[in-house]
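Just below is one structure, and these are the notes that go with it.
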Amino acid sequence: MGKRNSNYRLVKIHRNYTVEETASLLSVHKNTVRIWIKEGLPCIYEKRPMLILGRDLSAFLQARRVKKKRPCKPNQMYCLRCRSPKVPAGNMVDYQPATETLGNLFGICPDCGVGMNRRTSLSKLVQIQEILDITLTEGLQHIVDSN
Ligand SMILES: [Zn+2]
């Protein structure tokens with residue numbers, strides 16, 4: 001069990017991994033990797049098979065260890081550089097849809113200026129809209145409004 005905590009060390013930051021490669025590298029089930037993607041592990045969807053950048057995977061695994069102790073509040077996103085949850089600068093985030101029901105929120109860390117992102121579902125946007133100023137991709141506003 002102790003080894004799992006340092007599994008990010010197995011990840012080569014200059015490599016890209018498919019879901020299958022990630023699973024076998026870290027000795028986890030493919031579905032575990034898919035859950036990580038839902039939880040916010042960045043992943044390149046434009047390519048098939050989808051690819052996970054080594055440096056994103058490494059950062060995600062490290063962040064995950066900390067996150068267990070310091071969960072994000074609804075208006076916070078996790079800054080990988082500061083290694084802590086932050087309210088995005090200006091309370092502003094962009095929403096970029098990944099699928100019809102899921103997408104990513106992007107914000108800027110108020111302390112270090114690095115981009116932060118968080119996976120969310122379209123249905124949760126209505127809730128988030130009450131606490132953060134979301135810029136929606138054109139055409140999405142009416143979908144959220146009609147919810
Ligand atoms: Zn930061």
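Tell me, what is the per residue accessible area of the chain in Å², probe radius 1.4 Å?
Ligands and nucleic acids excluded, the result is 62 Å² per residue.
Out of all DSSP beta bridges with both ends in the range 77-146, state the antiparallel percent to the nearest 5.
Percentage antiparallel, nearest 5: 80.
Whole-Hz Karplus ³J(HN,Hα) for the range 22-31, in order, using 6.51 cos²θ - 1.76 cosθ + 1.60 and θ = phi - 60°, x for Gly and Pro?
Per residue, the Karplus-derived 3J(HN,Hα) values read 4, 4, 6, 4, 9, 6, 10, 6, 3, 5 Hz.
So what is the relative contact order of the range 2-67, in percent, for Cα pairs below 8 Å that sit 6 or more residues apart?
44 percent
Mean projection of the alpha-carbon convex hull of the range 51-98 over all orientations, in nm²?
4.2 nm²
Accessible area, 1.4 Å probe, largest first: how do Asp111, Asp133 sort?
Output order, biggest surface exposure first: Asp111, Asp133.
Report Rg (one decimal) and Dmax (nearest whole number) for the range 59-134, counting Cα atoms only, units Å.
11.9, 32
If you keep only loop residues by DSSP, which trypsin sites (Lys or Arg not before Pro) in the range 31-101 have at most 10 other Cβ atoms within 10 Å of their Cβ?
Those satisfying the criteria are Lys47, Lys68, Lys69.
Using the reciprocal of the averaged 1/r over all distinct C-alpha pairs, how large is the Kirkwood radius of the range 2-67 in Å?
Over the range 2-67, the inverse of the mean reciprocal pair distance is 11.7 Å.
Give a quick list of chymotrypsin sites (Phe, Trp or Tyr not before Pro) in the range 4-92 that DSSP marks as loop, anything other than H, G, I, E or B, with at most 12 other Cβ atoms within 10 Å.
The qualifying sites are Tyr45.
From Cα pairs below 8 angstrom and at least 6 apart in sequence, can you work out the relative contact order of the chain, rounded to a whole percent?
In percent, rounded to a whole number, it is 18.
Could you give the alpha-carbon Rg of the chain over 2.2 N^0.38 Å, rounded to two decimals?
1.08
In the range 4-75, what GluC sites (Glu not before Pro) fall in a loop by DSSP, with at most 16 other Cβ atoms inside 10 Å?
Glu46
The values are calculated or read from the model by the stated rules, or taken from the named source; none is laboratory data. No experiment lies behind these values; they were computed from the predicted model shown. Backbone-built Cβ (ideal geometry, glycine too); neighbour counts: all protein chains shown. With ligands, DNA and RNA removed, areas are computed over all heavy atoms of the protein, side chains included. Shrake-Rupley method; radii C 1.70, N 1.55, O 1.52, S 1.80 Å.
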